[in-house]
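Written out below as C-alpha cells is the structure these notes cover.
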Amino acid sequence: MVVKLLLIVWSCAGLLWSVISWRLVTAASRPITPPPKAREKKFLTVFKPLPPLDDKGVAVEERGLESFIAQLDESSELLLGVHEADWPEVAPFLKRMEASHPGAPIVVIRRSGPDTVANPKIAWQKILAPQAKGDLWLWSDADIVAPPGFLQRARDEYEACGAGMLTFPYAIRTLPHLPTLLDALFVNVEFYPGVLLLRRFGPVDFGLGAAMIFSRENFLHKTSWEKLGTSLADDFVLGQTLQPVRLSATTLETVTEVANWQTALEHYFRWKKTICWCRPWGFAGQLIAMPLLGWIAFALCHPLIAWGWAGLVGMVQVDVLFAFLICRQVGCPVNSRFLPAIEAWSLGRILFWILCWLPGPVNWREKSWHHAQEPA
C-alpha cells in the first residue's frame, strides 16, 4: 500500500512538471515586447566558425547563416571560419550571399592547420578573435537560425539587461528525417522547458551555445582561452566566467543534423552526459519528474500485479501526449507516424539517465571526452 501511494505521489509530481512545461512553452510562444533601444549602437562582431563539412556541404548551415547575413549593416560584421578543405563547398554559397545581400560585411578566415586546443569550436574562436572589430561579440553555432531583427534586438536587450552576458534559449522546429526526432525530443521536451523556468528566476551562471552576446573588453579581461579550450561545455564555462548571465526573451531555432539512429543516440547521450557532468545535482533532480522509473522497477519486481503494468503504460502515454503538445507548441511538426519512436524515447530516456552516472567517455568531433574539463 505504501509503495502504491509513493508511486501515485511520484506520478502526480511528473504530471505536474509536464503541465508546467507545456504552460512555459506556450507562454514563450507569444509575441515579446521589444527591449528599449540602446543609447549607443556599438559595433557588433558575429562569430560563425563552420565545423568540418560532410558530403552535404553547407546544406545544414545555409539557412542559419543567411538569417544572420541578411541582418548585417554598417555597424556589424560576420566572421566566417572555413576549413580549407571545405572551401570548394563554401565558395558557391558565399557567391549566392553576395548576390542576395550585396555589401553585407562578411570576413572569411580560412585555415588548414589542426586545432590547437581540445575543443574545436574554441580552436576556431581563438583564431577569429584577433580579426574582430566589434565592441560587442556574439558567438553563435553555425546551424542557428535567427528571426528577423534579431541582431539589433540582441544588442538592445544586452545593453538593457545589465548582465555580463546575454544568452538565448533555442528549440528545434524542423525534422528532416525520423532519427532527428530524438534531438527534437531532447531539446524541445527535456531541455527547453527547464531553461524557460530558470529564466523566470533571474540571472543564471551558464551560457547556451545557440548564441551568447557579451562585451569584448569583459571577455578579454576575465576569460582564459586555455580553460575554454579544454572544456567540453565551453558555453557553460563562459557563462560561469562572465556571470551574471541573463536568459533572453527571444528563442532561436537550431537545425538538427544527425544522419542516422547511431549518430542520433550518440548525440543524445553526449548532451545528457554533459549536463550530468556540469550540473550533477540538477541532473539528479530530474528524477522527480521521471516517475516512469518507479513504475518500471515495480512492474519488473512484481510482474504478476496488473496495476503495476497499467501504471507503466499509462505514464508512457502521458509522456507521449505532452511530447506531442510541447513540440507542436514550439512549431515542430510531429504526427502519428512518430508515435512508436516517441514511446521508445519515453522508456529509453530512463536508461540513458542511468547510463550517464556510469564512468565512461562521450565522443565529439573524433575525440573522446572523459570529463567536462579535459587536462590541457
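The values are calculated or read from the model by the stated rules, or taken from the named source; none is laboratory data. Keep in mind the model is a prediction, meaning the values are calculated, not measured. For neighbour counting, all protein chains shown are included, and Cβ atoms are generated from backbone atoms with ideal geometry for every residue, glycine included. In case anyone asks, the SASA skips ligands and DNA or RNA and just uses the protein heavy atoms, side chains included. Shrake-Rupley method; radii C 1.70, N 1.55, O 1.52, S 1.80 Å.
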Sole residue being open to solvent by 20 Å² or more (accessible area, probe 1.4 Å) and within 23 Å of residue 342 (Cα to Cα), chosen from 223, 180, 174: 174
Flag if residue 53 is open to solvent by less than 50 Å² (accessible area, probe 1.4 Å), part of a helix (DSSP H, G or I) and out of contact with any Pro (no Cβ under 7 Å at 6 or more places or on another chain): no
Cβ pairs under 7 Å, 6+ apart, first in segment 276-296 and farther than 12 Å from residue 349 by Cβ, second among the charged types (D, E, K, R) and open to solvent by 50 Å² or more (accessible area, probe 1.4 Å): none
Enumerated helices (runs of 4 or more DSSP H) restricted to segment 257-356, each holding at least 1 residues that are farther than 30 Å from residue 240 by Cα and not acidic (Asp, Glu): 261-278, 292-301, 306-330, 339-355
Qualifying residue in segment 227-245 (condition: over 26 Å from residue 150 (Cα atoms), open to solvent by 40 Å² or more (accessible area, probe 1.4 Å) and not in a loop (DSSP other than H, G, I, E, B)): yes
Failed item, numbered, when residue 365 is tested on (1) open to solvent by 40 Å² or more (accessible area, probe 1.4 Å); (2) more than 18 Å from residue 11 (Cβ to Cβ); (3) out of contact with any Pro (no Cβ under 9 Å at 6 or more places or on another chain); (4) charged (D, E, K, R): (3)
Matching residues in segment 76-106 - criterion: being among the hydrophobic types (A, V, I, L, M, F, W, C), under 20 Å from residue 56 (Cβ atoms) and part of a helix (DSSP H, G or I): 85, 87, 90, 91, 93, 94, 97
All positions within segment 107-133 that are touching an Asp or Glu at 6+ places or on another chain (Cβ under 8 Å), assigned to a loop (DSSP other than H, G, I, E, B) and open to solvent by 50 Å² or more (accessible area, probe 1.4 Å): 112, 133
Leading residue by the ranking (farthest from the chain's Cα centre (by Cα)) among those in segment 63-106 that are buried (at least 19 other Cβ atoms within 10 Å of the Cβ) and polar (S, T, N, Q): 76
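The rows are residues; the columns are (1) out of contact with any helix residue (DSSP H, G or I) (no Cβ under 8 Å at 6 or more places or on another chain); (2) closer than 15 Å to residue 128 by Cβ; (3) not aliphatic (A, V, I, L, M).
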{"position": "76", "(1), (2), (3)": "no, yes, yes"}
{"position": "80", "(1), (2), (3)": "no, yes, no"}
{"position": "87", "(1), (2), (3)": "yes, no, yes"}
{"position": "102", "(1), (2), (3)": "yes, no, yes"}
{"position": "105", "(1), (2), (3)": "yes, yes, yes"}
{"position": "114", "(1), (2), (3)": "yes, no, yes"}
Qualifying residue in segment 134-152 (condition: open to solvent by less than 20 Å² (accessible area, probe 1.4 Å), aromatic (Phe, Trp, Tyr), over 23 Å from residue 374 (Cα atoms) and in a loop (DSSP other than H, G, I, E, B)): no
Given (1) of a type in the set (S, T, N, Q); (2) open to solvent by 20 Å² or more (accessible area, probe 1.4 Å); (3) not in a loop (DSSP other than H, G, I, E, B), index of the condition residue 33 fails: (3)
Positions within segment 282-329 being buried (at least 16 other Cβ atoms within 10 Å of the Cβ) and of a type in the set (S, T, N, Q), in sequence order: 286, 329
Odd one out for residue 107, checked against (1) free of Cβ contacts under 8 Å to residues at least 40 places away in the same chain; (2) more than 20 Å from residue 213 (Cα to Cα): (2)
Subset of segment 153-171 [open to solvent by less than 20 Å² (accessible area, probe 1.4 Å) and assigned to a helix (DSSP H, G or I)]: 154, 155, 156
Residue selected from segment 14-68 under the condition over 23 Å from residue 95 (Cα atoms) and charged (D, E, K, R), by the criterion modelled with the highest pLDDT: 23
Residue match in segment 206-223 (condition: assigned to a loop (DSSP other than H, G, I, E, B) and more than 15 Å from the chain's Cα centre (by Cα)): yes
